[in-house]
Amino acid sequence: MNHKWSPGFLEPIPSSGDLPEVITSGWQSPSNIALVKYWGKLPGQIPLTPSLSMTLSACFTRTVTEAVRSDRPGAGILINGSAGHPFLPKMKALLTFLSGQIPVLARYRYSVTTQNSFPHSAGIASSASGLSAFALCLLGIAEKALRICVPAETFLRDASCAARMGSGSAARSVYGGWVAWGQTNAVDSAADTLAVSVTHLVHPLFQTLRDTILVVSGKPKSLSSSEGHMTMLCHPFTEGRIMQAKGRFIQLLEAIKAGDLPMAGMLAEAEALTLHALLMTTPGGDILIEPGTLEIIRRIRKARNDGLPIFFSIDAGPNVHLLHPEEASTAVRDFCATELLPFCENGLAVNDGCGRGPFRIDGVAYEGEGRV
Ligand code: PMV
């Protein structure tokens, strides 16, 4: 399905003199964990498979973007005072895309101050939170430049579409709760170009699911997710993987609707291990899990057999997301302390859970704030 750019943004651009000289926009946006993974993409950031994720709460990025009117337009961005930030190419790609849709954005130069809630050394992916926060800021700037107020639903759709151009997983961080991205007949209005919220379909058990992120290693990954996506363009298992992800998406959606923890757990674990199996079995791939990752998986499975309601997911790195219902939090905390933290770098784990999504931090009331 093609995303039609929102009419709100197709206003004529005011002449330079009528444009505000300086505009600021700030957003706090969370990370997310996909239980059915997006892995592999086509040009234009079109995912090979649909993905289904839970938006987090404690792991977020706070970004304030200042736009200064400029006679020399271009994708000029300074991040935390530097032109050498690792996210700069992704942010430039996002800005270039959005300036094509909303030309007024090309009349400004940008200075971005951004900070994560989690330590850089925690090895927690920050591209979903960072790029979604930047997309939301740019749309906030466009609103102020054009002196329009875009309805919350449209604003978030457009933010999801734009965030995708920086980092695919960022398209999902625009919404709280549970989010689907990628074409599938299982969700009305699902699209390859933007994510949609499915929280209203989800059982309460999953709307309050907790996620203890076990930081096995905070070292930078030896393979970026962009390189990983590339391996799927010529992987011997690509065709099978696409079929599998489409099927698992439907099964997982049914499981989280029904509150079926064992089924959701089985699918999430299979997805996490499939991601790493795909990575390990292709030229240009790599082994991103560590011995500690495997030991944690074994211990989670043993504890589950002994009655603890837990399951895991893993992103393209060594860290383990331990997922569990809220009511098991005390038992899980004790289990982690004795059995799992010894395998974490400096005993580090982040206590997180299903979150409510991004919100503005520039003092402007926003009707979509806290929506799930
Ligand atoms: O958004 P990217 O390009 O960093 O890719 C994310 C890929 C995974 O995190 C491995 C899976 C996912 O769906 O988030």
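A short reminder: the numbers here are calculations on the coordinates, not readings from a lab. It should be emphasised that the depicted structure is a prediction, and the values quoted were computed from it without experimental measurement. All Cβ positions, even for glycine, are placed from backbone atoms using ideal geometry, and neighbour counts span all protein chains on display.
Below is a table of values for the structure above.
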{"item": "Exposure proxy order (Cβ contacts within 10 Å, fewest to most) of 344, 149", "result": "149, 344"}
{"item": "Crossing angle, helix 127-146 versus the chain [Cα axis fit, 0-90 degrees, rounded to tens]", "result": "20 degrees"}
{"item": "Computed over the chain: relative contact order in percent, which uses C-alpha pairs under 8 Å that are six or more apart", "result": "24 percent"}
{"item": "Label-point separation in nm, residue 281 to residue 239, each point 7 Å along Cα→Cβ", "result": "1.5 nm"}
{"item": "Proximal aspartates and glutamates relative to residue 92, as straight alpha-carbon distance under 20 Å, when same-chain residues fewer than 8 apart are discounted", "result": "66, 71, 143, 158, 227"}
{"item": "Net length gained if the chain between residue 254 and residue 361 were fully extended (0.36 nm per residue, minus Cα distance)", "result": "35.0 nm"}
{"item": "Burial order of peptide ranges 262-269, 52-59 (average beta-carbon count within 10 Å, highest first)", "result": "52-59, 262-269"}
{"item": "Long-range HN-HN contacts of residue 286 with modeled amide H, under 5 Å", "result": "280"}
{"item": "At R0 = 30 Å, FRET efficiency that the Cβ-Cβ distance of residue 219 and residue 294 yields, to 0.05", "result": "0.95"}
{"item": "Anisotropy class of the chain from Cα gyration tensor, a/c 1.5 cut", "result": "prolate"}
{"item": "The chain - mean residue ellipticity at 222 nm from DSSP helices (-39,500 (n - 2.57) per run, n ≥ 4, rounded to 500)", "result": "-11000 deg cm²/dmol"}
{"item": "Efficiency of FRET from Cβ geometry, residue 183 and residue 71, R₀ 35 Å, rounded to 0.05", "result": "0.25"}
{"item": "Volume of the Cα convex hull of the stretch 71-172, divided per residue and given in Å³", "result": "102 Å³"}
{"item": "Contour minus Cα-Cα distance for residue 305 and residue 331 (0.36 nm per residue)", "result": "7.9 nm"}
{"item": "Over 21 Å between alpha carbons, listed pairs 37/302; 41/246; 246/302; 90/246", "result": "37/302; 246/302; 90/246"}
{"item": "Within the stretch 100-204, trypsin sites (Lys or Arg not before Pro) in DSSP loop having at most 12 other beta-carbon neighbours inside 10 Å", "result": "147"}
{"item": "Net length gained if the chain between residue 263 and residue 83 were fully extended (0.36 nm per residue, minus Cα distance)", "result": "60.2 nm"}
{"item": "Estimated distance in nm for a label pair at residue 226 and residue 42, the labels positioned 7 Å out from Cα along Cα-to-Cβ", "result": "2.1 nm"}
{"item": "Cα gyration tensor category, rounded, prolate or oblate, for the stretch 233-324 with a/c compared to 1.5", "result": "oblate"}
{"item": "Rounded tilt (10° steps) of 261-280 against the dominant C-alpha axis of the chain", "result": "80 degrees"}
